[in-house]
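Quick notes on the structure that follows.
Coordinate-derived values only; no laboratory data. Since the structure is predicted, the reported quantities are computational estimates derived from the model, not experimental observations. Cβ: placed from backbone, ideal geometry, glycine included. Neighbour counts: every protein chain shown.
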Amino acid sequence: MVSLIQSNYRGMGSGVMVPGQGFGFQDRGEMFVLEPRDHANAYAPGKRPFHTIIPAFVIKEGQPWMSFGLMGGAMQPQGHVQIITNLIDFDLNLQEAGDAARWQHHGPLH
């Protein structure tokens, strides 16, 4: 399976073009932090910093079932759950699951 998310982040990415190749470098690593190491988004071994490039893979009965990814910034983890819920719990097809309204939660559940 492959889940590919193409994103240049800020407008045209880094603005650095590869000479003679026709594509620019991305700048999605901008939100990572090199220092201090205790920062949530520090680039360090064993860390899982939050980032909005979140490809997803779904395994069903031990076999690859689906790969996907979606836009949404900080809402992406929740959006992934909503897609899976739409597919499995509400039996929507992939197009319907992606087209369904996504709700955003802004506080504790009551």
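Structure data summary
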quantity	calculated
Computed label-point distance, nm, for sites residue 31 and residue 90 using a 7 Å Cα→Cβ extension	2.5
Amide H within-cut-off set for residue 65, under 5 Å, with H built and near neighbours excluded	58, 59, 60
